[in-house]
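Trainee: My structure is below; once you've seen it, I'll send some questions.
The values are calculated or read from the model by the stated rules, or taken from the named source; none is laboratory data. Note that the structure is a prediction, hence the values are computed from the model and not measured. Neighbour counts are summed over all protein chains in view; Cβ atoms, including those assigned to glycine, are modelled from backbone coordinates with ideal geometry. Areas reflect the complete protein model, heavy atoms only, side chains present, ligands, DNA and RNA absent. Shrake-Rupley method; radii C 1.70, N 1.55, O 1.52, S 1.80 Å.
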Amino acid sequence: MTARLIDGNALARQTRAELAPRVAALAARGQQPALAVILVGDDPASQVYVKHKVADCEGVGMRSILDRLPADLPEAALLARIEALNADPAVHGILVQLPLPAHIDANKVIATIAPGKDVDGFHLANAGALMVGQRGFRPCTPYGCMRMLQAAGVEPRGRHAVVVGRSNIVGKPMAMLLLQANATVTICHSATPDLAAFTRQADILVAAVGRRNTITADMVKPGAAVIDVGMNRNEAGRLCGDVDFDAVREVAGWITPVPGGVGPMTRAMLLVNTLEAAEAAAAHAAPAAG
Ligand code: NDP
C-alpha cells in the first residue's frame with residue numbers, strides 16, 4: 001500500500017483562499033488586518049522566513065509592517081518597540097522572529113507581546129490557555145498539523161497519537177491539541193528508550209525532532225498517519241524531514257512530504273491567527289448592538 005499524500009501546498013492555498021474574503025470584509029470597514037514582524041540582526045534563514053511572512057500577508061490583502069532592527073539593539077529598545085506596537089490599534093498581530101541575538105532574553109520579549117496580538121501563540125497566557133482548554137492563539141506549526149489531519153479525514157478521537165519531540169513551539173502544543181481532540185497521547189524525547197516500540201503503536205505519528213531518518217519504515221504501524229515536521233538537509237543539501245519518506249510511504253496510510261507539507265501550513269496558520277486577532281479587535285471596537 002502506498003500512503004496518501006497530505007499536500008501542504010494545496011491545503012495552504014485553500015486556507016488562504018478562504019481567508020481572503022474575510023480580510024476584504026474587514027478592510028472594507030477600514031480595519032485591514034495587520035501583522036508586525038520584527039527581525040533583529042541579519043541571520044540569513046530568518047531573513048528568508050520574514051520575507052515569506054510579509055509576502056503571505058500581502059497575498060491575502062493584509063498589511064504587514066516589517067521592522068528590521070540592528071543585531072546590537074539593546075533589549076530595552078526592543079521591548080519598547082513591542083510596547084508601541086501593543087498600543088497601536090491598527091496592528092493586530094506581532095511576531096518577533098526567533099532566534100534573537102544572545103544578549104536579548106527571548107522569554108522576556110515574548111512576555112512583552114500583548115497576548116491578544118501574540119499570533120505565534122508563544123506567550124505564557126496562550127500556552128496556558130491551550131493547556132487548560134481555553135480560547136487563545138495556538139502555535140502555528142501544530143495548529144497546521146491538526147488542519148492537515150482534519151483535511152485527510154483522520155479523526156484523532158480514540159486513536160493513539162505519538163509525538164516525537166517536546167519543544168515548546170512544536171512537540172508540547174502538538175500533544176495538547178491531539179489530547180484536546182480526544183486522542184490518547186504519548187510524548188517521546190531524547191531520553192525515551194526504544195523509540196520504535198512507541199512509534200509502532202501510533203495511529204497518528206508526529207515527528208518533530210530535527211534529525212533526518214529518525215523515523216524509518218520499520219518504526220511505523222501499517223496505515224498510520226505520519227506528519228513530518230522536521231526540516232533538515234540531506235548530503236546533497238536538499239530539504240528533508242525527520243521521516244525516511246520513500247520507505248515510510250510504502251507502510252503508512254497518510255504522509256506529509258518535506259518540502260510541501262507542514263512548512264506551508266505553518267505559514268498559512270500565521271495568517272489565520274492574524275485574521276482572528278483582527279476580527280476579535282473589530283468585534284471589540286464595534287458599538288454594542290442595541
Ligand atoms: P527542538 O530542537 O527544540 O526539539 C527537538 C526535540 O526532539 C526535543 O524535544 C528532543 O528531545 C527531541 N529529540 C532529539 N533527539 C531525539 C531522539 N533521538 N529521539 C527522540 N526524540 C529526540 O526542535 P523544534 O521542536 O523547534 O523543531 C523540530 C524540527 O521541526 C526541526 O527540524 C525544526 O527545523 C522543524 N520545524 C519545522 C517547522 C515547519 O514549519 N515545518 C516549524 C518549527 C520547527 P529533548 O527534549 O529530550 O532534547
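Trainee: Restricting attention to the stretch 130-141, which residues are free of Cβ contacts under 8 Å to residues at least 60 places away in the same chain and within 16 Å of the ligand (Cβ to nearest atom)? So that I can check it myself, show each step before the final result.
Mentor: Quick first cut of the stretch 130-141, residues free of Cβ contacts under 8 Å to residues at least 60 places away in the same chain only: 130-136, 139.
Correct list: Leu130, Pro139.
Trainee: In addition: Considering the stretch 94-136 alone, what residues qualify as being among the basic types (Lys, Arg) and touching a strand residue (DSSP E or B) at 6+ places or on another chain (Cβ under 6 Å)? Please lay out each step first, then the result.
Mentor: First, pick out the residues of the stretch 94-136 that are among the basic types (Lys, Arg): 108, 117, 135.
Residue satisfying the conditions is Lys117 alone.
Trainee: For the stretch 86-103, does any single residue satisfy the condition of being under 29 Å from Val226 (Cβ atoms) and more than 14 Å from the chain's Cα centre (by Cα)?
Mentor: yes
Trainee: Could you run through the stretch 146-191 and say how many residues are within 16 Å of the ligand (Cβ to nearest atom), in contact (Cβ under 8 Å) with a residue 24 or more places away in the chain and in a loop (DSSP other than H, G, I, E, B)?
Mentor: Count: 6.
Trainee: Tell me, please, whether a residue that is polar (S, T, N, Q) and closer than 18 Å to Gln31 by Cα can be found in the stretch 102-115. Can you show your working first?
Mentor: Residues of the stretch 102-115 polar (S, T, N, Q): 107, 112.
In the following step, the residues that additionally are closer than 18 Å to Gln31 by Cα were identified as none.
Checked the stretch 102-115: no residue is polar (S, T, N, Q) and closer than 18 Å to Gln31 by Cα.
Trainee: Which residues, taken from the stretch 222-231, are within 13 Å of the ligand (Cβ to nearest atom) and assigned to a loop (DSSP other than H, G, I, E, B)?
Mentor: Within the stretch 222-231, the first condition is being within 13 Å of the ligand (Cβ to nearest atom), and the residues that meet it are 227-231.
Selection gives Val229, Gly230, Met231.
Trainee: For the stretch 245-275, how many residues are crowded, with 19+ Cβ neighbours inside 10 Å, within 14 Å of the ligand (Cβ to nearest atom) and assigned to a loop (DSSP other than H, G, I, E, B)?
Mentor: 4
Trainee: Is the stretch 93-101 home to any residue that is small (Gly, Ala, Ser) and either within 16 Å of the ligand (Cβ to nearest atom) or free of Cβ contacts under 8 Å to residues at least 60 places away in the same chain (or both)?
Mentor: To start, the set of residues in the stretch 93-101 that are small (Gly, Ala, Ser) comprises 93.
Next cut, either within 16 Å of the ligand (Cβ to nearest atom) or free of Cβ contacts under 8 Å to residues at least 60 places away in the same chain (or both) only: none.
No, that holds for no residue.
Trainee: Give me a count of the residues in the stretch 278-290 that are in contact (Cβ under 8 Å) with a residue 24 or more places away in the chain, open to solvent by 10 Å² or more (accessible area, probe 1.4 Å) and either in contact with a Ser or Thr (Cβ under 6 Å, 6 or more places away or on another chain) or among the aliphatic types (A, V, I, L, M) (or both).
Mentor: 3
Trainee: Residues that are more than 16 Å from the ligand (Cβ to nearest atom) and assigned to a loop (DSSP other than H, G, I, E, B): does the stretch 232-244 have at least one?
Mentor: yes
Trainee: Could you look through the stretch 218-237, keep only residues that are open to solvent by 50 Å² or more (accessible area, probe 1.4 Å) and either of a type in the set (A, V, I, L, M) or more than 22 Å from the chain's Cα centre (by Cα) (or both), and pick out the one that is nearest to Val170 (Cα to Cα)?
Mentor: Filtering the stretch 218-237 for residues that are open to solvent by 50 Å² or more (accessible area, probe 1.4 Å) and either of a type in the set (A, V, I, L, M) or more than 22 Å from the chain's Cα centre (by Cα) (or both), the one nearest to Val170 (Cα to Cα) comes out as Met231.
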